[in-house]
1. Counting pairs of alpha carbon atoms under 8 Å apart in space and at least six apart in sequence, what relative contact order in percent does region 1-120 give?
2. What is the gain in length, in nm to one decimal, between residue 157 and residue 71 on full extension, counting 0.36 nm per residue of separation less the C-alpha to C-alpha distance?
3. Gaussian network model of the chain, Cα springs within a sub-10 Å range: biggest mean-square fluctuation belongs to which of 98, 51, 79?
4. What residue among 161, 145, 59 shows peak mean-square fluctuation when the chain is described by a Gaussian network model with Cα springs under 10 Å?
5. Is it possible to state the helix-based mean residue ellipticity at 222 nm for the chain, with each DSSP H run of 4+ residues giving -39500 (n - 2.57), the sum divided by total residues, to the nearest 500 deg cm²/dmol? What is it?
6. Could you give P(r) for region 14-87, binned at 5 Å from zero, as whole percent values over all Cα-Cα pairs?
């Protein structure tokens, strides 16, 4: 598929977040306007921002898409709604979270979407999985690998070292 290359951050800490992320990736990959090209390892990460909650599972993905950035965001939000995501509090517990991190080398600042994601370079739980497949991706003048050198990655553990973990889980999960 021709189109644009976007990167996404996925996470969750309620229910079965790994199955939720796997399902979200499958739902994106089966759309005619999206194709999942790369997926990071699966990571278990300590909560960030609001720390009195369960640990998270996080991953990143590269998606080839013909959608415009805002339409890709809407596709991600639609999947979150389909999976019963509720936004009760900032940085709070969630079943699934899908963030558009980058879209080609575009910079965008609108009410609905900022690209690159405004806080991604401060978050080890985003940079570590993103570095699995895009260490040389340049964000705000520095590579992901370079940002990762300065990021707090304390407590981040590899939960599944396979890049196809999402396909394995989706095959064993109920629809």
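1. The normalised contact order for region 1-120 reaches 36 percent.
2. Length gained between residue 157 and residue 71: 27.7 nm.
3. Of 98, 51, 79, the Gaussian network model singles out 51 as fluctuating most.
4. Ranking 161, 145, 59 by mean-square fluctuation puts 161 first.
5. -9000 deg cm²/dmol
6. 3, 14, 22, 25, 20, 11, 5, 1
The numbers here are math on the coordinates, done by the rules we state, and not lab data. Quick caveat, the model's predicted, so the values are computed rather than measured.
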